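The values are calculated or read from the model by the stated rules, or taken from the named source; none is laboratory data. Being a predicted model, the structure only gives us computed values, none of them experimental. FYI the Cβ positions are ideal-geometry reconstructions off the backbone, even for glycines, and counts take in every protein chain you see. To get the accessible areas, we keep the full protein, side chains included, count just its heavy atoms, and leave off ligands, DNA and RNA. Shrake-Rupley method; radii C 1.70, N 1.55, O 1.52, S 1.80 Å.
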Amino acid sequence: MKLTLRIWRQSSADQPGSYQSHQLENVSPDLSLLEALDQLNEQLISSGERPVSFEHDCREGICGSCGFLVNGQAHGPRAATSVCQLYLREFNDGAVLTLDPWRAKAFPPIQDLMVDRSAFDRLIAAGGYCSTGTGQAPDGNALPVGREQATSAFSTATCIGCGACVASCRNASASLFVAAKLAHLGQLPQGQPERARRADTMQRQMEAEGFGSCSSNLECEAVCPQEISADWISWMHRESRS
Amino acid sequence: MSNGLPDPRIPAGPLADAWRRTREELPLISPLRKGQMDVLVVGTGLAGASAAATLAQQGYRVTVLSFHDSPRRAHSVAAQGGINAARSVAVDGDSVSRLFTDTLKGGDFRAREAGCQRLAEISSGIIDQCVAQGVPFAREYGGSLATRSFGGALVSRTFYARGQTGQQLLYGAYQALMRQVELGRVQMLTRRDVLELITVDGVARGVVARHLLSGELEVHTARTVLLCTGGYSNVYFLSTNALKSNTSAIWRAHRKGALFANPCFTQIHPTCIPSGDVFQSKLTLMSESLRNDGRVWLPKNTGETRQPDAIPEEERDYFLERLYPTYGNMTPRDVASRRARELCNAGRGVGPGGRSVYLDLTDAIRAEGKDAIAARYGNLMTMYERISGDDPYRKPMRIYPAPHYTMGGLWVDYHLMSSIPGLFVLGEANYSEHGANRLGASALMQGLADGYFIAPSTVTAWLAGNPAQDVATDHPACREALESTRRRISQLINSEGKTPVDSFHRELGSVMIDRCGISRHADGLRVGLEQVKALEERFEAEVRVPGEASGPNAELEKALRVKDFFGLAQLMLRDALAREESCGAHFREEHQSDDGEARRDDVNFAHIAAWQHNTNGEPIRHSEPLQFTALQPSTRSYK
Ligand SMILES: Cc1cc2nc3c(=O)[nH]c(=O)nc-3n(C[C@H](O)[C@H](O)[C@H](O)COP(=O)(O)OP(=O)(O)OC[C@H]3O[C@@H](n4cnc5c(N)ncnc54)[C@H](O)[C@@H]3O)c2cc1C
Ligand code: SF4
Ligand code: FES
């Protein structure tokens, strides 16, 4: 198939950026969008141009490295999919795809489609853990966790830290990311001792990093590749009040 | 040194309890002194993150380097199936000694028994540790930990978190690490590519790293260095590993004197989504836990063109069940892979180019319902559907073997120290405990045993016995390492060629899979060696690395990696050639029984091969003999 990629090119944070269009002829519909970018990059390198920078690693939807906007949608049109798992068969022959980096104050641009998401690590450092040291653990069966409780905690623990929720929120809020972590640990007995403090410190850090607040327009839930429910954001707000 | 090898420091006396006895004798350091000692950890996968968090908790000043933008992205995140532990919870009679036996046998008697025993003993504590961190393992309705069974084992001892076990274990370790960052005990340096090891008077004292955004070269020194940089199956280009998994850190250490053990032992995983287009960049694994419920089959006839549901039962060959009545679809990975490849080569394969076999969940879905299957494997099913475009609930999946896990790595002694004093190697980067054929769910166990429990004790013992002074970053050894790294980079940047790096990497991968893949033979390995040498020369003359050494440059990163893969590939081929036997994952066609099973040679090859780099000639092969006291080598039979 044939494809036009209209890509945001920006050599560094302090340089202005602009769109550049590239044609891809004869690409297989069985390639992922990232593999199409690889193919484009090989062409650019051979013709002496700077290849397009984008983040990626596992290419199977689990590491959370990849992520950019495809025609204005975080990770592209397909629900519950990170952009490395987006295959060209989703698009029509001859389609024009506009690729933009995540845009959020807390995610400074690096180059082209790459941004700096280290704010997420600082959010976790602000309390997203159970304070337990190695070698001090009791028997794992000593604290029973019901199957449903474990499954529900698991469903929130699967957040891959991609940042799509932030990029698609008009306030660039990290509420879904933070709520997911609070809900993961807050639903397990191990997370109880620090539960209230965690909710407090993580939300404070969220503000300090320059993330906006949640105005419930639910775009985050729509784009989350792990389908983490925005109900957890309301849950988080109840946590803070209690 | 005996046999040209350092002492492997295997404890004397009975195996059971040897680790507890060893640990009790290891010297300790007072917490106050620890605060004056710095430790470098490279990598934040399960091995690196768990080690860094634990060492920091003990009081050391820890600096962590990783090329990812966040520790949470290390490739351990991708492990799907589960983690083994011996806990006699169910009634199937699992025990430490059974896990020990299965591990040693699964490695086809090419691993140290003391190491396997220690791993089995520690395993249960790993699960407790992770539970305490909030890892949401699957549970039974009553609240106790659930398990499932895995290839090569007859008991159910694999703990899991749906198909995302590695992810959940890694997040546990990552969170523990970030807690130490917050406490100020860990300095986390992300987006650093470690490209050289620094040794002072033969002792590991630091690394040279390239900052991936500025391109600047940095020197980091410490009392001791821990390499936790993962596996190298990307030497095959198409593998189940993340694209940036590499060999650089351990390869550079090898060039500085660290012995490389059993480089040719690569596990080929039987259940991957097969490849299609040339621009395909990776192979995606479908957890082999699917083999619990999935039946593997092929049409009996060659050249079958019907859709799978149109092929009646009597025309299907459930070949693993037919050939291995006891283990059936749960035969070990090497066996399942080889059988699939042979049948595909014989023209019975399905899908494009006849390069896949069916993994069929129809019976399980019929018996238990779609919801039960979805609850068990939901994310795998979605992943398959995304990639292949087919619905696995309605049509059998197509799978094919792919390079997956590398059992070889830097040689380490019982303390996880390499042959370079002060250099510890953890997780998949080391050679340990897996021997020739890792079974499923052992790698996660080994990485976490290394990081949470073993290294923290043995690193302390090393530091207690070697009270070295700090090394200044302008020490001549640092300057020299920096200079040689700079030269390597400028050679690549100034190369006048036209061909992108990936194109060489693809070619290297195809040579390696043909010559040193699921099965090997001497002629092929010799040809492979010549092909890799020729390709490396062409790479040097014809590669194009656009851009500058400063600033972000993904092509330069790749070029540095692929350059190291060329060296490693040659060592793998040599190692496979020298090992004149078939064992586990290493199948030499010259060494097979009449019915096509692997034939081990315990008289000549019951050893670990440990290769020494030789600047002026061919590498030198040393061997560490393996002794078996608790369990005598037997022929593997999975029939
Ligand atoms: C798809 C898949 C599924 C698997 N499933 C299972 C399973 O179900 N059960 C099981 O037991 N095992 C499984 N494995 C194997 C297991 O996941 C790995 O062996 C294990 O996670 C490796 O952990 P590690 O900490 O050694 O390395 P990794 O997790 O690979 O971490 C390597 C770290 O080193 C860093 N690094 C590497 N090179 C450099 C460098 N040059 N400079 C700086 N930093 C560097 C990286 O940034 C990263 O942080 C699976 C593997 C794969 C690929
Ligand atoms: S909540 Fe979803 S969208 Fe947000 S970072 Fe996590 S996985 Fe990505
Ligand atoms: S590359 Fe890992 S999630 Fe996309």
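Brief remarks follow.
- Among the residues making up segment B:292-329, those that are open to solvent by 30 Å² or more (accessible area, probe 1.4 Å) and under 25 Å from the mean Cα position of the chain (by Cα) are B:292, B:327.
- Scanning segment B:519-576 for residues that are small (Gly, Ala, Ser) and either within 14 Å of chain A (Cβ to nearest Cβ) or within 23 Å of residue A:53 (Cα to Cα) (or both) yields a count of 6.
- Among the residues here, residue A:9 does not qualify as in contact with a helix residue (DSSP H, G or I) (Cβ under 7 Å, 6 or more places away or on another chain) and of a type in the set (Lys, Arg).
- When segment A:193-207 is filtered for residues that are in contact with a Gly (Cβ under 8 Å, 6 or more places away or on another chain) and either within 21 Å of residue A:140 (Cβ to Cβ) or within 16 Å of ligand 3 (Cβ to nearest atom) (or both), the ones remaining, listed by number, are A:194, A:195.
- The residue that is nearest to the other protein chains (Cβ to nearest Cβ), among those in segment B:53-69 that are assigned to a helix (DSSP H, G or I) and buried (at least 24 other Cβ atoms within 10 Å of the Cβ), is B:54.
- Within segment B:75-87, considering residues that are small (Gly, Ala, Ser), over 16 Å from residue B:239 (Cα atoms) and under 16 Å from the mean Cα position of the chain (by Cα), the one surrounded by the fewest Cβ atoms within 10 Å (Cβ to Cβ): B:81
- The residue of segment A:38-65 that is nearest to residue B:163 (Cα to Cα), among those that are within 16 Å of ligand 1 (Cβ to nearest atom) and in contact with a Lys or Arg (Cβ under 7 Å, 6 or more places away or on another chain), is A:63.
- Sole residue being open to solvent by 30 Å² or more (accessible area, probe 1.4 Å) and in a helix (DSSP H, G or I), chosen from B:33, B:72: B:33
- Count of residues meeting criterion [within 20 Å of the chain's Cα centre (by Cα), surrounded by fewer than 24 Cβ atoms within 10 Å (Cβ to Cβ) and assigned to a loop (DSSP other than H, G, I, E, B)] in segment B:570-589: 0
- Of all residues in segment B:276-301 being away from ligand 3 (no atom under 16 Å from the Cβ) and β-branched (Val, Ile, Thr), the one that is farthest from the other protein chains (Cβ to nearest Cβ): B:296
- Qualifying residue in segment A:120-133 (condition: open to solvent by 10 Å² or more (accessible area, probe 1.4 Å), touching a Lys or Arg at 6+ places or on another chain (Cβ under 7 Å) and more than 9 Å from chain B (Cβ to nearest Cβ)): no
- Search result, residues across segment A:174-194 that are away from chain B (no Cβ under 11 Å) and either surrounded by fewer than 17 Cβ atoms within 10 Å (Cβ to Cβ) or over 18 Å from residue A:160 (Cβ atoms) (or both): A:193
- Flag if residue A:234 is touching a strand residue (DSSP E or B) at 6+ places or on another chain (Cβ under 8 Å), open to solvent by 20 Å² or more (accessible area, probe 1.4 Å) and farther than 25 Å from residue B:140 by Cβ: no
- Here is the figure for segment B:506-551: residues that are touching a Lys or Arg at 6+ places or on another chain (Cβ under 9 Å) and either among the hydrophobic types (A, V, I, L, M, F, W, C) or open to solvent by less than 40 Å² (accessible area, probe 1.4 Å) (or both) total 17.
- Taking strands (runs of 3 or more DSSP E) as the structural unit, those lying wholly within segment A:11-111 and holding at least 1 residues that are of a type in the set (Ser, Thr, Tyr), open to solvent by 20 Å² or more (accessible area, probe 1.4 Å) and away from chain B (no Cβ under 13 Å) correspond to A:18-24, A:95-100.
Quick grid of which residues meet (1) surrounded by fewer than 24 Cβ atoms within 10 Å (Cβ to Cβ); (2) more than 7 Å from chain A (Cβ to nearest Cβ); (3) within 21 Å of the chain's Cα centre (by Cα):
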| site | (1), (2), (3) |
| --- | --- |
| B:117 | no, yes, yes |
| B:127 | no, no, yes |
| B:131 | no, no, no |
| B:136 | no, no, no |
| B:140 | yes, no, no |
| B:143 | yes, no, no |
| B:146 | yes, yes, no |
| B:149 | yes, yes, yes |
